[in-house]
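Have a look at the structure below before the remarks.
Where a number appears in this text, it was derived from the coordinates with a stated rule and is not lab data. Keep in mind that what you see is a predicted model, and the values were worked out from it rather than measured. Virtual Cβ from ideal backbone geometry, glycine too; neighbours counted across all protein chains shown.
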């Protein structure tokens, strides 16, 4: 199993207690959906290593987890700051009006008026508005991820169909305009996760 076949679930942030338990940050829309999780892939020195879960207790986006064969604080400390992954096959399929953030990386962006514009490079999961980062003529253009702008996803052609607000591109291309602030986040604003955008999000 490689990362190409997986999506990032989150990250191990710290140990919990002295019996080898760990705290997972779950970078997903609905952490409670993972209450029955039986195993997880942990990236250790560049390799995805499977671990079975003995117990998991979720509170909001944090989970206290006991892993099989990790029974001491020393063993647990070796896994702190490691990323967590699950196979893509675990995700439910979505229709063309919704998408997982990780899956549109590399998709071409096609505007209904201007045609093809650029390529999706990242998705920033922000507190107020998720933003799709598109590379356009050598610059990063941030597209709000809501149903009035992002219309459909063509997974076969790898195209994101959008209706950009008038003047959005001009803001980024105007040499005299101030360069927009780039979104910055910590590990919890990961852009490869199973975050989704649905048509009722405005």
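The figures follow:
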{"quantity": "Estimated [θ] at 222 nm from DSSP helical runs (n ≥ 4, -39500 (n - 2.57)) normalised by residues in the chain, nearest 500", "calculated": "-1000 deg cm²/dmol"}
{"quantity": "Cα gyration tensor shape for the range 3-90, rounded if a/c is under 1.5, else prolate or oblate", "calculated": "oblate"}
{"quantity": "Projected label distance in nm at residue 112 and residue 19, using a 7 Å step from Cα toward the beta-carbon", "calculated": "5.7 nm"}
{"quantity": "Highest-MSF residue in the chain out of 121, 78, 151 [GNM, Cα springs under 10 Å]", "calculated": "78"}
{"quantity": "Top of 112, 35, 166 by mean-square fluctuation, Gaussian network on the chain, Cα under 10 Å", "calculated": "166"}
{"quantity": "Gain on full stretching of the segment that runs from residue 95 to residue 59 - 0.36 nm per residue minus C-alpha separation", "calculated": "10.0 nm"}
{"quantity": "Full-stretch length increase - residue 140, residue 88 - with 0.36 nm per residue and alpha-carbon distance subtracted", "calculated": "15.9 nm"}
{"quantity": "Max mean-square fluctuation residue, GNM over the chain, Cα-Cα springs under 10 Å, options 110, 32, 45", "calculated": "45"}
{"quantity": "Förster radius 25 Å - calculated FRET efficiency between residue 78 and residue 121, Cβ distance, rounded to 0.05", "calculated": "0.15"}
{"quantity": "Potential lengthening between residue 2 and residue 147 on full extension [0.36 nm per residue; Cα-Cα distance subtracted]", "calculated": "49.0 nm"}
{"quantity": "Cα centroid of the range 1-47 to Cα centroid of the range 108-152, whole Å", "calculated": "29 Å"}
